[in-house]
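The values are calculated or read from the model by the stated rules, or taken from the named source; none is laboratory data. Treat the numbers as computed from the prediction; the structure is a model and nothing was measured. Because the Cβ atoms are built from the backbone with ideal geometry, glycine has one as well, and the counts that use them run over all protein chains shown.
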Amino acid sequence: MTDAPLVTNASASRAKLLLGMILALALVGFSLSVYLTWTTWSATSVAGCGLDGTGECDNVLASRWSKWLGVPVSLLGALTYLGILVSAAVATSCTAGLALSVLLSLALLAVGCAVWFVGLQVFVLDSYCPYCMSVHVCSFLICALCVLVMRGSQQEGQDDQMRALLGVASDPRSVAVESQPRLGGSQVLGWTGLSAAGLAALMLGQFFFRPAGLVFEAVPSAAAAVDAGIGQEAVTRAAPDDSQTGETETEQPVQTVDQTPRIIKFGGLKEPIDVTQMPILGSPDAETVIVEMIDYTCGRCRAMHSLIQASRDRYGPQVAFVILHVPLSMKCNPHVTKEFDHHKNACDYARLAMGVWKVKREKFVEYHEWLMESDKAPSVFDAKRHAIKLAGTKVLLDESLQAESFRNIAGNSDDMKRIKAGLPLFIVEPGVIRGVPGKQDEWFDFLEQHLKLTPLDASLESGRNAS
C-alpha cells in the first residue's frame, strides 16, 4: 500500500480534522495513563480520590485487575495511546494505508479493553475510578472517530472511481484511485483479529496470573517522637470525659473495664492507642495487634471479614484486631464530600457498633460478627433492633454516645486521609498493609512472613517434636 495525498481539499480538511481530534484524545489518554502508572509505582494515592467522595480509585488501582503479569495495566494503556499518537500523526501528514490500519487496530484494542475494565468496575469491584473512566471514554471516542476517517476515505475512493469512469474529473491530480488507503474486508478482519488477540491475552493473563494483592509499607507513627503524656493522649481519644456521658437509663450504665492500659504506637496513626479501651476482636494482651479500618457498607471490607475470622482461628491468642470505624458517608465523615447510595447508612452502622461497645462491650464481637455475616449489611432497622437486643435502648437514646462516636469517627478519618489509602486498611506497629489478598493462603503467608505469626497446629507440632 503506497502513500498518497488526500484526494480533494474537502476530504483532506475533514480527514485532518478527525485525525486532529484523535491526536488530542490520545494525548489525554496517554497523559492519564502515565499518571496512573506513576501513582502505582510510587504507591501514591491518586489526587482527588478516596475519602473526598469523588471516587474509589484506591479500590480499583489496588485490585488484582490493575496488573497484567505484574505490570500495571495503565502502563499498557500508555503504550497503546502512544501507538495511537504516532499512527495518527503519520496519517495526518499523509494518508498512509499502513498508518490508518495500525490506528484502527489500536483503537479497536483500546475500546475492547475499555469494555473489559468498565465491566470489572461495575460487576466485580463495585468501585469506580474517574481517571480510569476518563481514559475509557477517550478510547470509545477515538474508535468512533477512527471509523469515520476510514469510512470517509472509502467513500472518497468510490466517488473518485465513479468520476474517473464517467470522465468528469476536472483535475487529474484530484484522482488517485489506486492510491487510496482503503482496506478490504480481509484486511479489516485481519486487523480486528489482531486486536482481539491482544484483548484475549490481557484477559487470560489477568485470570490465570494473579499478582500479590497485599503490600506492606513501612510508615513511622506520627506520634513516635512524642514520649511525654502518651498515656493521657490515648485515654483522651479512646475514653472521653465521664462527665460528658450523661446516663439516660440508670438500669444500664455505660460499662468501664478496670484493666491495665496497653498503649501502642501504630505506623501512620497520629496518636498512640490504648488497645484495652478500643473495640477489639481478640485479647488486648495478644502478642500481635492489628488495627483494621473498616466501613460496614464497604464490599471489600466484608470480603476480608472471612479472612479475619480464619486468621483468628489459625493463630488463636497470638493476634487481635482493633476496629477503627471509618464510615464513607458525608453524614459523619468530614472528609467525604459526595454521598454514594451504597454508603448512605454507613454512619448508622458505625454508631450502633461503637454504642454496643461502650454500653456492653462483651457483646461487641457478637454484634460486629452479625453485621458482617452476609455479603451486604442488614437494614438499619434490623441493625437497631439487634443492638437494642444485645445492649439495651441506651445505644439509641444516649445522645452523648452519638456525640462521642462522631468524634472518634472524625479522628479515624483524619488518620485514614493522612495515610492516603482506601478501605479496608490494616495498620501494624511498623507501618500499613494495603490491598486485598486474592486468596486465603496469600493472607496467611503475608502474616507469617511480615508479622512472624505461627499457626497453632504448627506450634503444637513443634512442641511435640521437642518433647
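A few comments on the model shown:
- Residues of region 85-104 satisfying the condition of being crowded, with 22+ Cβ neighbours inside 10 Å and assigned to a helix (DSSP H, G or I): Ser87, Ala88, Ala91, Ala99, Leu100, Leu103, Leu104
- Out of Glu404, Glu399, one residue alone is acidic (Asp, Glu) and surrounded by fewer than 18 Cβ atoms within 10 Å (Cβ to Cβ). It is Glu399.
- Selection status of Val257, over 24 Å from Asp348 (Cα atoms) and at pLDDT 95 or above: no
- Set Val319, Val336, Val326, Val289: member being within 16 Å of Val365 (Cβ to Cβ), buried (at least 22 other Cβ atoms within 10 Å of the Cβ), of a type in the set (A, V, I, L, M) and touching a residue at least 12 places away in the same chain (Cβ under 8 Å): Val289
- Test: residue in region 383-396 that is crowded, with 17+ Cβ neighbours inside 10 Å and within 19 Å of Val291 (Cα to Cα): no
- Residues that are over 25 Å from the mean Cα position of the chain (by Cα) and in contact (Cβ under 8 Å) with a residue 24 or more places away in the chain, drawn from region 368-385: Val380, Ala383, Lys384
- Among the residues making up region 36-55, those that are of a type outside the set (D, E, K, R) and either buried (at least 17 other Cβ atoms within 10 Å of the Cβ) or modelled with pLDDT under 60 (or both) are Leu36, Thr37, Thr39, Thr40, Ser45, Val46, Cys49, Gly50, Leu51, Gly53, Thr54, Gly55.
- Of all residues making up region 184-217, the number that are aliphatic (A, V, I, L, M), at pLDDT below 80 and more than 17 Å from Arg64 (Cβ to Cβ): 2
- The residues of region 366-381 that are surrounded by fewer than 13 Cβ atoms within 10 Å (Cβ to Cβ) and either on the phi > 0 side of the Ramachandran plot or among the hydroxyl-bearing types (Ser, Thr, Tyr) (or both), listed by number, are Ser374, Ser379.
- Residue in region 430-445 that is touching a helix residue (DSSP H, G or I) at 6+ places or on another chain (Cβ under 8 Å), within 30 Å of Lys67 (Cα to Cα) and surrounded by fewer than 17 Cβ atoms within 10 Å (Cβ to Cβ) present: yes
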